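Every number here is computed from the coordinates shown, using simple stated rules; none is lab data. What you see is a predicted model, and the numbers here were worked out from it, not measured in a lab. With ideal geometry, Cβ positions are generated from the backbone for all residues, glycine too; neighbour counts draw on all protein chains shown.
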Amino acid sequence: MTLVDSLCSSDDKNAKVAFDCEGVNLSRLGTVEIVSICFSASQVYLVDFGKNKCPKIVEAVKKLFECSKLTKIIHDCRMDCDALYHNHGIMVNNVHDTSAFHDFIGYEKNKNLNDTLNYY
């Protein structure tokens, strides 16, 4: 059983993974080049989504990001999720967007992750 399989089949309601995407003009019109995925402080992976990407790894990322049991944490997921969906058919489920959370609790909009973390 892989790490992705064990997380997606877990009954742990606190299971979570943090991620971020980097790319060129990150959007449906651009590209996703690298996806960073953090399972814990000691388990961080950089996944190559560029020109020579491995289809099996992309499929594992798809399974991970579409798993509804697992919370995905990201800061400002709009362009990341747009690019993942339109370029790779990955629909990210159960997202905790720290920028949306910061906006929701009534603080300034359009702050970056460092601003949000400094506040707390």
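Report the calculated FRET efficiency for residue 27 and residue 2 (r = Cβ-Cβ distance, R0 = 30 Å), to the nearest 0.05.
About 0.50, to the nearest 0.05.
Strictly over 19 Å apart at the Cα level, which of 16/51; 13/69; 16/53; 16/62; 16/69 would you flag in this model?
Among 16/51; 13/69; 16/53; 16/62; 16/69, the Cα-Cα distance tops 19 Å for 16/51; 16/53.
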